[in-house]
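The values are calculated or read from the model by the stated rules, or taken from the named source; none is laboratory data. Computed from a prediction, not measured in an experiment: that's the story for all the values here. All Cβ positions, even for glycine, are placed from backbone atoms using ideal geometry, and neighbour counts span all protein chains on display. Keep in mind that these areas ignore ligands, DNA and RNA; they rest on the heavy atoms of the full protein, side chains included. Shrake-Rupley method; radii C 1.70, N 1.55, O 1.52, S 1.80 Å.
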Amino acid sequence: MRNGIRSTIWTSMAVVLAISVPKEAHPQVGAFGAAAALGAQGESAHAGSPVFTEHGRVLDRGRTSFSAVGGLTTGSIALQGGGTEGWDFFQLLLSGFLAPVDDLTVGAILSTVNNISFETAEGSSGIGDLSLYGKYRLGGRAGTDLAAVAQLVLPTGETGFGREGLAIAGGLAVSRQLDDASLHASGTLAIPTDDADGDPFVTLSAAGVFGLNDRIGLSAEGALQIGDDTFFSAGPAVRLRASDNVFVDGGVLFPLVTPDSPADSDVAFFVGVNVGG
């Protein structure tokens, strides 16, 4: 019974944190952190890309970006015999990205800490999967970037915190830069290679980012996942430019559309630090 509960919880949390790779894995935040090294290129750089959804921008050649992101998701689960039990899930993601040539960003995202806790039952913890990431800028007019995005998920996670087999994802992302603001959209198809990890599904995301001043940017972001089930999550985020190459990000996500299941996620909070070079 507990394994079935956990499987449902992983699915819910993956959507709450706007995952851009297969949902049964863990709540990875896709390319979170890839925008940090864009920062030194303008006073409104904090308004140049979203915080937790995909975008079409890439790093300049020779630049790097590193991030640490912590997320906490809370919810409840229906118990046999009636009543509910609260749960919370904490995850720490570490990521690194670089631009070895023009128009290309590559990197990796590792779910280093995963911990689930229940009110009255024993929880568990373990390491998650490793994702390899790539984005290539296909072109675009001045102020517009169109990019192809690919991701490969390696089943490195412990039981209950990772996939049974490899998973691949690919799609397109576009970004449009305005004066002190930007608009973004993406579409991704994810394909598990092991039947135990579920069926293929599509993730669509959109975001609007607005610079309040020369250091603070606000965004409204959302992601829709379409497959065996349909999920939609959205919420606000903030990006603080601490220095030319250091950003502090935070946000809240709410599950607005979820399928009927014994486990419900209420809200997800996250905070991250991004350092570019």
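A few remarks follow.
- LEU152-VAL257 pseudo-label distance in nm [points 7 Å out on the Cα-to-Cβ vector]: 3.3 nm
- The gain in end-to-end length when the LEU178 to ASP266 segment is fully stretched comes to 28.3 nm, 0.36 nm per residue minus the alpha carbon separation.
- With a Förster radius of 41 Å applied to the C-beta separation of LEU240 and THR159, the computed FRET efficiency comes to 0.60.
- The ratio of the alpha-carbon radius of gyration of the stretch 88-222 to the globular-protein estimate 2.2 N^0.38 Å is 1.25.
- Per-peptide average of other Cβ atoms within 10 Å, ordering 98-110, 173-185, 136-148 highest first: 173-185, 98-110, 136-148
- Cα gyration tensor shape for the stretch 80-164, rounded if a/c is under 1.5, else prolate or oblate: prolate
- Spherically averaged projected area of the stretch 172-254 from its Cα convex hull (nm²): 6.9 nm²
- Contact order normalised by residue count of the stretch 171-248, Cα under 8 Å, 6+ apart, percent: 20 percent
- Using C-alpha pairs below 8 Å separated by at least 6 residues, the relative contact order for the stretch 104-246 is 13 percent.
- The stretch between ARG215 and VAL202, if pulled fully straight at 0.36 nm per residue, gains 1.2 nm over its current Cα-Cα span.
- Of all accessible heavy-atom area on the stretch 129-210, the percent that carbon and sulfur account for (1.4 Å): 61 percent
- Calculated accessible area for the stretch 94-195 comes out at 47 Å² per residue, all protein chains present (probe 1.4 Å; ligands, DNA, RNA ignored).
- Theoretical FRET efficiency, 1/(1+(r/R0)^6), r = Cβ-Cβ of ALA142 and SER117, R0 51 Å, to 0.05: 0.55
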